[in-house]
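Beneath this line is the structure, given in structure tokens, with notes to follow.
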Amino acid sequence: MNFNNSSDLKRQIERRRTFGIISHPDAGKTTLTEKLLLFGGAITMAGAVKSRKSSKHATSDWMAIEQERGISVTSSVMKFEYKGYEINLLDTPGHKDFSEDTYRVLTAVDSAVMVIDSVKGVEEQTRRLMEVCRMRNTPIITFINKLDREGLSPLEILSDIEENLQIECAPLTWPIGMGKGFKGTYDLYKKELTLFRPGFESLRDQDGIAVIKDLNDPKLDQLIGIQAKDLRDDIALLEGAANPFDLDDYLKGCQTPVFFGSAVNNFGVREMLDSFVEIAPCPGPRKTTTRPVSPEEEEFSGFVFKIQANMDLAHRDRLAFMRVCSGRFYRGMKVKHHRIGKDVVLSNPTIFMAQDRELVEEAWPGDIVGIHNHGTIKIGDTFTDKEPLQYIGIPSFAPEHFRRVRLDSPMKSKQLQKGLIQLSEEGAIQVFKPITDNIFILGAVGVLQFDVAVARLKAEYSVEASYDSTSFSVARWVKCADPKKMAEFERAHQANLAKDSTDSLVYLAANSWDLKYVENHWPDVEFLKTCEHR
Ligand code: G4P
């Protein structure tokens, strides 16, 4: 397609939906992803996404640790088309130890789908991810999964979500029974009944759907027998008690529309996807350090939210994932890399399909483009046509675990330094250099990150390293408006101060009591839990 004018750009923006799925491990995210890709025709065979887990042919298995532990360490991007919409699904690692990576992926989406296991209700990881969504008021659609199993009642689940996640629920469908007695769902707005037939995975549009405009219609009794009465009672109750769906509240992130279903049986997924493309937001304006940028601005801009190493062992490359935020991107484009003050030609940009990646000729706001990175791109970097912009809202989180690095191969200190710098630029680990000591301290949000760092140092930089424990357990970035006070603070606390990989000053504390004490003594100094990538 040729780029003619701004109406082309507008049309491309309106048909784009860029989202991520948030859930606790095992709630059914992979299964749901697979069904969505089947609807989008991006895969033709069930099991294609699952195979990522069993790690047989996965492109994201860049290291043995992922295979050994059977977890997806890094996230990837899947693009598919549905009903004329271009959908970018950004996958997120479910394991809590890689949640920092997940947080950053969520900075690149316009909305999210939250999967809740109907047997377990709201779980720990969902709660954490929801906090991240709330930081940006990300609109969320909820899919309550596994209705084919005996679980919590639908009302219990809704109040669990409202209480634990502090978000109003607006059911759009309602389940009839559960477990062995699960009969299907009733669409509260279209007034349609969709019948559940276990083991029957329908991809056709009208299978098992009955239009029941009047709940007193005897057809309802014929179709679901004695459960018709329960449904009538439930709907009568909901009419008085449930929140009606409000598009604005959803878009502001204060209400979540709720769907019920069973991903593994491909039940309720189509209803959710149909609503998703209709109500989920297309790419909108994003903040930079100087001004908000509208996606409709013709000048291209984008930012890097993730760097992934060696996705494909045959290439052993590093890919930077860039979200296009405004204008049109095309292959061979010359863009400004503002942080290093250079022009770069993006000659081999990659776009991600469900099972493959291919060269991209053009991309639009909301699309994710992979750029080959030879060590010059960092998380948070912004690329534009001309204007020097810097997108904001891509944080580092204060690590909760610390290790001191011990170099076991004595002649390799240079390689160690290089490896650690690159790993920190990717956001795989945080690296701190104490100001009074010539050592490296690594910080992680999840302890598995340490295993990954050591394994990658060995595999990619031929450096044998191990860890010693440290006395630190809390880190805060420190700032002070008064340079004199800051200098005083630095002199007083040298032994606890370190520089991170961007040269920002960090206070390392033994525990939260120690931190509190220092915070109380230095009221002019700010102690920050997050730090923007620059
Ligand atoms: P995750 O990515 O969120 O970790 O979850 P995943 O989709 O891998 O699903 C976790 C388990 O839950 C899988 O079973 C999956 O088959 C099952 N599951 C997903 N959706 C449903 C559903 O609607 N109903 C029921 N009953 N189960 C569901 P598994 O035994 O761990 O794996 P597998 O052997 O089935 O592949």
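Below 8 Å between Cα atoms, with a sequence gap of 6+, how large is the relative contact order for the range 130-283 in percent?
Working: 222 pairs, mean separation 55.0, N = 154.
For the range 130-283, the relative contact order is 36 percent.
Debye sum, Cα scatterers, the range 242-300, no solvent: what log₁₀ I/I(0) at q = 0.27 1/Å? Cα-only, vacuum Debye calculation for the range 242-300: -1.13. Among the lysines of the range 124-270, pairs at least eight places apart or on separate chains and with Cα atoms under 15 Å apart come to 8.
Pairwise alpha-carbon distances in the range 395-532 exceed 20 Å for 44% of all pairs. Counting only Cα atoms, the range 141-182 measures 31, 18, 13 Å along its principal axes, largest extent leading.
If a spin label sat at a point 7 angstrom from the Cα of L215 along the line to its beta carbon, the backbone N atoms of the range 240-270 nearer than 20 Å would be those of 240-246, 257-261. How far is helix 124-135 tilted off the main Cα axis of the chain, in degrees rounded to 10, range 0 to 90? The two axes meet at around 80 degrees. Each part reduced to its alpha carbon centroid, the range 111-146 and the range 165-184 end up 15 Å apart. The relative contact order of the chain, computed from alpha carbon pairs under 8 Å that lie at least 6 residues apart in sequence, is 14 percent.
I'd like to know which of Q255, M114, G446 lies farthest towards the positive end of the charge dipole of the chain, counting +1 on Cβ of Lys and Arg and -1 on Cβ of Asp and Glu. Towards the positive end, the residue furthest out is G446. With neighbour counts taken as other beta-carbon atoms within 10 Å, the residues R406, R134, R16 rank, fewest first, as R406, R134, R16.
What's the long-distance tail for the chain, i.e. % of Cα pairs beyond 31 Å?
Values: 72031 of 142311 pairs.
Of the Cα pairs, 51 percent sit more than 31 Å apart.
May I ask you to list the lysines whose Cα is less than 16 Å away from that of K336, ignoring any residue fewer than eight positions away on the same chain? The qualifying lysines are K378, K386. By the rule of a C-alpha distance below 28 Å, with chain neighbours fewer than 8 residues away ignored, the lysines paired with K516 are K96, K433, K479, K484, K485, K499, K529. With contributions of -39500 (n - 2.57) from each DSSP H run of at least four residues, the per-residue ellipticity at 222 nm computed over the chain stands at -8000 deg cm²/dmol. Normalised by the number of residues in the range 213-286, the mean separation of alpha-carbon contacts (under 8 Å, six or more apart) gives a relative contact order of 16 percent.
Distance from the Cα centroid of the range 223-284 to that of the range 479-534 is 47 Å (rounded to whole angstrom). If one takes the longest principal axis of the Cα atoms in the chain, at what angle in degrees, from 0 to 90 and to the nearest 10, does the Cα axis of helix 483-492 lie? The helix 483-492 is inclined about 80 degrees to the chain. Of E34, E163, E297, the sequence from fewest to most neighbouring Cβ atoms within 10 angstrom is E163, E297, E34.
Ordering H374, H338, H24, H493 from the fewest to the most neighbouring beta carbons within 10 Å gives H374, H338, H493, H24.
Bear in mind these aren't lab numbers, they're just calculated from the coordinates by the rules spelled out. Keep in mind that this is a model prediction, so the values were computed, not measured. Here Cβ is always computed from backbone atoms with ideal geometry, including for glycine, and neighbour counts include all displayed protein chains.
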